[in-house]
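No value in this document is a laboratory result; all are computed from the given coordinates. Computed from a predicted structure; not experimentally measured. All Cβ positions, even for glycine, are placed from backbone atoms using ideal geometry, and neighbour counts span all protein chains on display.
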Amino acid sequence: MRQCLAPLALILTSVTLIVWMTQTLQRVEIVVEHGAGLALFGFLSILIIPSLLAVIIPFALYGAAVYALYRLHSDSEIAVLFAAGVSRWRLSAPILALTAVGALATLYVNVDLMPRSYRVLKERVADIRADVASSILRSGEFTTFVDGFTIYIDDARPGSQFTGLLVNDYRDPDDIKTYMAERALLQETANGPMLFLRNGNIQRRAADTGQVSIIRFEEVAIDVVNYQNNPGELVLELTERYPHELLNPDMSKPYDRANAGKLIAEGHSRYASPLYAFAYVLIGLYALIGGPYSRRGYILRMAIAGGVIFLLRIGGFMAQGLVAEYSGYWLLYAIPIEAAIIVAFMLFAPPLESGRLRIRKRRTS
């Protein structure tokens, strides 16, 4: 177990950092475009790590097991252990115990840590959007958020409060509107940043006659970023949902009703993915101590084992897409469990041929 812990920590840390750096590059626009500080950017980047760990931990367990066994082979320690009568099971037990801990950690990440961190990420990004919209509006300047949407304010005050507003909304050529308001408040909602205008009027020009009508209001809300005639309800992505939410889609919501199979498949995949850790490690154990002793080394066996676990995981992803369309969610559990059982039988089952030879020797004597 001590031989596995150090390479496990090294592989887990190095691979996570490499993948994490590639993912954080996709969020550089938070600093470049939105003006967020480096501390906030670092915090948002850290929230991505749980989703990476759910995939990396099983592979890191395989790498640590293979490295430790290969090192023991190089020092001829495994040969000495086998010569002393140590069984494969006794040699594999510490590695499998470590695998069980890693599988439980993966399960915790899938069930709680990953959706929790991604929800915090979505909330903070939404706050940044609201702060950015507030920082863009400046006193005495015309500000264009998107093509066809311009805002002018007399005075910008703390707390996203403004006075003396002129808003020209010509994003829809058939419905051009101009708003005038005494004051306004910018707030973040489920549909994005909204500008709430108070005590003003709307000047609307008819597309056919060109006549202008004026409508007074006490309060009206305007979407300052996205233009949607019917803004939809906030939809949580797959990574932002807990397993019980994935396994029980809300059929009253259009998105859940249209993607029920995909949601349920993702929920079962969250519970099935830790099982791959046992399949990976058992494949690695069989590659290093399952076959006959080789004086030429075990590089080829390790490469073959790595290809097998890669194909096994690809098969799991393909099965997830398949069951999302045709149900049969048991297949997500069957693939890693069946692979683990087959390899465990090949690794720990007593050799039949050696038993026959012992019987023949007894009869001869």
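Table for the structure above
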item: Alpha-carbon Rg with Dmax, taken over the range 137-223, Å; result: 12.9, 42
item: Label point distance in nm, residue 248-residue 97, each placed 7 Å from Cα along Cα→Cβ; result: 3.9
item: Phi to ³J(HN,Hα) by Karplus 6.51 cos²θ - 1.76 cosθ + 1.60 over the range 331-338, Hz, x for Gly, Pro; result: 5, 5, 8, 5, 4, x, 5, 5
item: Neighbour-count order for 217, 345, fewest beta carbons within 10 angstrom listed first; result: 345, 217
item: Total charge dipole magnitude, the range 137-223, about the Cα centre, Cβ charges on Lys, Arg, Asp, Glu only, Debye to nearest 20; result: 220
item: Label-reachable residues, the range 238-260, where backbone N falls under 19 Å from a point 7 Å from residue 326's Cα toward its Cβ; result: 260
item: Extension gain (nm, one decimal) between residue 71 and residue 87, 0.36 nm per residue minus Cα-Cα; result: 3.9 nm
